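Participant: I have a structure here, written as structure tokens, and I will follow up with some questions on it.
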Amino acid sequence: MVVLIGGLFAWSDGDPYTAVLADYRSTAGQLREITLADGSVARLDAASAIAVHYDDRLRRIELLKGRALFIATPVDTPAAAGRPFVVTTANGQTQALGTQFIVEQLEEQTIVTGVEHHIAVRAAATPSSAAVILAPGQTVRYDAHGLQQTATVPLAHARAWEQGMLLFDDMPLHEVLAQLQRYTSGRIVLQKGELKPRHISAAVPAADVGAGLQTIASELGLRVVRLPLVTVLY
């Protein structure tokens, strides 16, 4: 899909909402690193997008889609000028109490993982006074209903996508396919919807998603057909 903005054509990847609102985007299969005005860094996973909202009181980043590692300039530095660093999604927010963390926006949930120092995670459905404090290697999900149980994850596992590996440990199939979707320009379609909640584990090289899909399909007793704009698992 093509959107006309200010007299210029911009590819929206089928998502005009993101095309209009995003300040920075990555395309399918592309990792992109952005240095923000205060020196903070947003490292975007493939097919991800953020909008930047900085003012005199707050440094707020809105994760519109996908996943990103954020490296926040500490609040007590001159560049930060005492302004908190916060990343928001549709159903909550994460505030940096230290420096590094990962936020991933799924279709209905957000996953937050602490990487360095601590972060405070709040869900929109949770009272503002209630926050989960995550240490490095801790992760939590939230959705429209609130925060879920905190878990632990090896940091090398959580950051494997930065090194070109997509690791899935006991994840629902529909979430696995959503992540793989970021690394291919065509659509991935699962014909057997009843398999969406089934949990699987897999390691897929980001540079060869096609082979990864074939392996996953074989383990589930499915077949794969590849068309010019879509890959179907049936």
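Participant: To the nearest 20 debye, what is the magnitude of the charge dipole of the chain about its Cα centre, counting +1 on the Cβ of each Lys and Arg and -1 on the Cβ of each Asp and Glu? Show your work: numbers first, answer last.
Facilitator: Details: 19 positive and 22 negative charges, 60 e Å.
Once rounded to the nearest 20, the dipole reads 280 debye.
Participant: Determine the dipole magnitude for region 23-153: charges of +1 sit on the beta-carbon of Lys and Arg, -1 on that of Asp and Glu, nothing else is charged, the reference point is the Cα centre, and the result goes in debye to the nearest 20.
Facilitator: Dipole about the Cα centre, nearest 20: 0 debye.
Participant: Could you state the angle between the C-alpha long axis of helix 209-219 and the longest principal axis of the C-alpha atoms of the chain, as a value from 0 to 90 degrees rounded to the nearest 10?
Facilitator: 60
Participant: Another one. Identify, among L166, I188, V115, the residue whose Cα sits farthest towards the positive end of the charge dipole of the chain, taking +1 on the Cβ of Lys and Arg and -1 on the Cβ of Asp and Glu, with the dipole about the Cα centre.
Facilitator: The Cα lying farthest towards the positive end belongs to I188.
Participant: Sticking with the crude label model, points 7 Å out along Cα→Cβ, report the distance from E194 to Y54 in nm, one decimal please.
Facilitator: 5.3
Participant: Which whole-Hz ³J(HN,Hα) couplings does region 77-85 yield from phi under the Karplus relation 6.51 cos²θ - 1.76 cosθ + 1.60, θ = phi - 60°, glycine and proline marked x?
Facilitator: Once θ is set to phi - 60°, the couplings for region 77-85 become 8, x, 5, 7, 6, x, 8, x, 10 Hz.
Participant: Just to be sure I understand: with springs between alpha-carbon atoms less than 10 Å apart, which residue in L31, L222, L147 has the highest mean-square fluctuation in the Gaussian network model of the chain?
Facilitator: L222
Participant: Mean residue ellipticity at 222 nm from the helices of the chain, using -39,500 (n - 2.57) per DSSP H segment of n ≥ 4 over the full residue count, to the nearest 500 deg cm²/dmol? Walk me through the numbers before you get to the answer.
Facilitator: Working: 4 runs with 30 residues, N = 234.
The helix-only estimate for the chain comes to -3500 deg cm²/dmol at 222 nm.
Participant: Then there is this: Which value in nm describes the separation of the simple spin-label points at E108 and D169, placed 7 Å from the Cα toward the beta carbon?
Facilitator: The two pseudo-label positions are separated by 2.5 nm.
Participant: Cα gyration tensor of region 73-173, axes a ≥ b ≥ c as square roots of the eigenvalues: rounded (a/c below 1.5), prolate (a/b > b/c) or oblate? Don't skip to the end; give the middle numbers.
Facilitator: Numbers: a/c = 1.96, a/b = 1.20, b/c = 1.63.
Here region 73-173 falls in the oblate category.
Participant: So if I place +1 on the C-beta of Lys and Arg and -1 on the C-beta of Asp and Glu, and nothing else carries charge, what would the dipole magnitude of region 148-197 be about its Cα centre? I want it in debye, nearest 20. Could you put the intermediate results ahead of the total?
Facilitator: Details: 5 positive and 5 negative charges, 44 e Å.
For region 148-197, the charge dipole is close to 220 debye.
Participant: Now for a different question. What is the gain in length, in nm to one decimal, between E162 and A207 on full extension, counting 0.36 nm per residue of separation less the C-alpha to C-alpha distance?
Facilitator: Details: separation 45, 0.36 × 45 = 16.20 nm, distance 1.22 nm.
Result: 15.0 nm gained on full extension.
Participant: List, in order, the whole-Hz ³J(HN,Hα) value for each residue of region 16-29 obtained from phi through the Karplus relation with A = 6.51, B = -1.76, C = 1.60 and θ = phi - 60°; use x for Gly and Pro.
Facilitator: For region 16-29, the Karplus-derived couplings read x, 4, 5, 4, 7, 8, 6, 8, 9, 9, 10, 8, 4, x Hz, x marking Gly and Pro.
Participant: Further, regarding this structure: What are the residues whose amide H is under 5 Å from the amide H of A124, where those residues sit 5 or more places off or on another chain and H is modelled from the backbone?
Facilitator: G92, Q93
Participant: May I ask you to work out the translational diffusion coefficient for region 33-101 at 20 °C, viscosity 1.002 mPa s, via Stokes-Einstein with Rh from the Kirkwood sum over Cα pairs, reported in whole µm²/s?
Facilitator: D, rounded to a whole number, is 179 µm²/s.
Participant: Take the eigenvalues of the Cα gyration tensor for the chain, scale each by 5, and report the square roots as semi-axes in whole Å, largest first.
Facilitator: Working from the Cα gyration tensor, I get semi-axes of 31, 22, 16 Å.
Participant: So, how do all the Cα-to-Cα distances of region 164-233 break down into 5 Å bins, in percent, from 0 on up?
Facilitator: 4, 17, 32, 30, 14, 2, 0
Participant: Report, in whole Å, the centroid distance computed from the Cα atoms of region 156-234 and region 77-138.
Facilitator: Using only Cα atoms to place each centre, the spacing works out to 27 Å.
Participant: On to the next question. Please name whichever of V230, T73, A151 sits farthest to the positive end of the charge dipole of the chain, dipole taken about the Cα centre and charges placed at Cβ: Lys and Arg +1, Asp and Glu -1.
Facilitator: V230
Participant: Still on this structure, please answer the following. Residues with amide H under 5 Å of E33's amide H, sequence separation 5 or more or different chain, H placed in the peptide plane at 1.01 Å from N; which?
Facilitator: L44
Participant: Shifting gears a bit: Output wanted: per-residue J couplings in Hz (rounded whole) for region 62-73, from phi through Karplus 6.51 cos²θ - 1.76 cosθ + 1.60, θ = phi - 60°, x for Gly and Pro.
Facilitator: Ordered by residue, 3J(HN,Hα) equals 9, 7, 7, 6, x, 9, 8, 9, 10, 10, 8, 5 Hz.
FYI, it's all coordinate maths here, none of it is from the lab. The structure displayed is predicted, hence computed values, not measured ones. With ideal geometry, Cβ positions are generated from the backbone for all residues, glycine too; neighbour counts draw on all protein chains shown.
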